[in-house]
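Beneath this line is the structure, given in structure tokens, with notes to follow.
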Amino acid sequence: MRRCLGPIALVVLLAVSGCRGRAVEAPAVSWFPIGDEIHSGHGLAAAQRDVLALLPEPRWFVPFGDQQPAPLAFGPGPTTKGHPSLHLELRNGDRPDTIRFVMRLRAGARPLWRETEHRWTNTLPFLFAFRVDGNPVFRTLDGWGKFGGISRFRKVAAKGATRTWSVDVSRASLAALFGAQPPSVVEIVAVFSETQHEPWAGPDHARPLVDPQRALPVPVQPIVVRSNVARFVWR
């Protein structure tokens, strides 16, 4: 299996902000996390400084109220003024075996929050979808387990403010996801949600809604926002 990517040729293809789409992707596409779960939200900063791996386990965000888990499409979406926005940029990492993912999240008309959970806090508040030579990457999930606890919401960006995450990701973990056949072009899109993500077996998978005692600091539905699509050439 090829374990390396050449220098990244980054092209911004599409900018989308404030996307709250509910339609299921067709053809199917899976969303994947970068970084494992940590014990407490207090350890997030330290965890994000490590070299992270992309996990080949499909995920989606925990439902909240009447919000159902549904992948967002790669195609165009609404760009309403005043809504939050997310920009994804890819760079070469400091080490030759890493790629740097830079996510810039800008809040809109209200602050942005993020759920953390005792014993089950996602390292990053984002999920990532991939297209390899135009073909969406899809994986199935047969089963999963979780050992979590009490959750809370932390503010990640004040009203109108921008928050940036810059993390180095193992190139080998990407190569393992793409398979033995080296691709020519890989496209990546990121998505943020104020609720955490968990393993997800598809739109027909029965799962409970969020505990009604677990609520945002303001009485609104959680924000879900998708990024532009970033493209790089595999060499």
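Please treat every number below as a calculation from the coordinates, not as lab data. Only a predicted model underlies this, so the values are computations on that prediction, with no experimental measurement involved. For neighbour counting, all protein chains shown are included, and Cβ atoms are generated from backbone atoms with ideal geometry for every residue, glycine included.
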Give the long-range amide H neighbours of I223: residues separated by 5 or more places, or on another chain, with amide H under 5 Å away, using H modelled in the peptide plane at 1.01 Å from N.
E194
In Hz, Karplus ³J(HN,Hα) per residue of region 169-184 (6.51, -1.76, 1.60; θ = phi - 60°; x = Gly, Pro)
10, 4, 5, 4, 5, 5, 4, 5, 5, 7, x, 6, 7, x, x, 9
Calculated FRET efficiency for the pair D133/V102, C-beta based, R₀ 30 Å, to 0.05:
0.80
If each residue's Cβ is checked for other Cβ atoms within 10 Å, how do E115, E37 rank with the fewest at the top?
E37, E115
On the formula 1/(1 + (r/R0)^6), with r taken between the Cβ atoms of V220 and T164 and R0 of 25 Å, the FRET efficiency rounded to 0.05 is 0.55
For region 90-153, listing trypsin sites (Lys or Arg not before Pro) in a DSSP loop whose Cβ sees at most 15 other Cβ atoms within 10 Å gives R119, R139, K146
